[in-house]
Each structure stands twice: as C-alpha cells, then as structure tokens.
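The structure appears right after this line, and notes come after that.
Any read-out appearing in this document is the output of simple, stated calculations on the displayed coordinates, not a laboratory observation. Note that the structure is predicted; figures quoted are calculated from it, not measured. We place every Cβ from the backbone using ideal geometry, glycine too, and count neighbours over all the protein chains shown.
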Amino acid sequence: MTHSEKPARWYLIQTKPRQESRAEEHLQRQQFECYRPLKAAAPKKRNSRAASEEELFPGYLFIRMDQVHDNWYPIRSTRGVARIVTFGAHPVPVHDDLIQQIRQRLLLPEPKAVFQEGEAVRIKSGSFCDLEAIFLTADGEERAVILLNLLQREQKVTLPISSLARMEARV
C-alpha cells in the first residue's frame, strides 16, 4: 500500500472548554465525520426529571480524516476547536478498534450501584482494613468514594469497590 492509499483514520481533537458540541457541529458542517462519545449524566437535582447526557471525554472529540487527501488547515480555525492532538508535529491516529470498543461499551446498560449513598460499609482489605465508613458515591465502575473518620476528622477516601463490604446487621 503506498502512502497515498492509506485509508481515513480517527484522530483526537481537543476542544475549547465546554465547547465540544459546538466544535462537533462546525466540523460536521465542513463534511468531517466526528464522534463525540456521550454517556447518561447523573441527575443534578433530586427532583430533576430531564435525562441529560455528558461527554465521556470532556474537552475532546474524535474526527475521521485522510492524512493525505483531507485539508487539515480549516480545523484549526473551526469554532470550538482548540487543537489537533499531536505527538511532536504529527497528528496521532487512534485505532479503529478503540473507537469500536467505546461505542460497544456505551451500548451496555449502566452497572447497578453495589452500595447506596449513606450506607455503612466495612473496609475488608488494604491499610484501612476492618474500619467502618460511610459510602458516598461510585467513582467509575471499580472505585468508590467513602467518608472515613480518621483522628476525629471526616476524610473523603477513594478505594476499590472490591475492598468494601456491607455492614452486617447487628442483633
């Protein structure tokens, strides 16, 4: 395959703060294929019914381009775009497999919470083993933020969810 026969590849665009949708819209108007992974956003207020989405990678989106045939220059002046992510002076392609994995993962249902906010938990491993804490929130799929009482002060600590256990009911 000669250099001119290389197919279009995905590249990463850094956007201006909170302008991902603007950058995507203006790039699409220029006939570029874009991908901005979105996930369901946690409700901001308890009584909020509006289901909203948020960026999986805030400040970034993917663009599919041919390094030889596509004109890269208009991208830099596109509204909402800060820059093309490069290594040295060259844009770094993102493997198609990675984009496909992101798309497939976003199709999966959100994992159900293992613990409820405010629930008492016991740490079963690590340096805080056997201490009691209060579960605050999940931090991704594998980590949790807990409230731990250390030296008469409450501290927020992030630990693997697998290191937590429910407190057994006391009789």
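Summary of computed values
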| quantity | calculated |
| --- | --- |
| Segment 131-140 - phi-based ³J(HN,Hα) in whole Hz, Karplus 6.51/-1.76/1.60, Gly and Pro as x | 7, 8, 8, 10, 6, 9, 6, 7, 10, x |
| Full-extension gain in nm, LEU56 to LEU107, via 0.36 nm per residue minus C-alpha separation | 17.1 nm |
| Rg/Rg_ref, the chain, where Rg_ref = 2.2 N^0.38 Å and atoms are Cα | 1.42 |
| The chain: most fluctuating residue of PRO37, PRO74, PRO58 per GNM, C-alpha cutoff 10 Å | PRO74 |
| Relative contact order computed over segment 120-166 (Cα-Cα under 8 Å; 6+ residues apart), in percent | 36 percent |
| Pairs of alpha carbons in segment 6-107 whose separation is greater than 22 Å (percent) | 33 percent |
| Dipole magnitude (debye, nearest 20) for the chain, charges at Cβ of Lys, Arg, Asp, Glu | 520 debye |
| Length released on extending from ARG143 to SER127, taking residue separation times 0.36 nm less the Cα-Cα span | 4.2 nm |
| Label-reachable residues, segment 138-171, where backbone N falls under 11 Å from a point 7 Å from ALA120's Cα toward its Cβ | 167-171 |
| Cβ charges +1 (Lys, Arg) and -1 (Asp, Glu), total dipole of segment 120-166, debye | 100 debye |
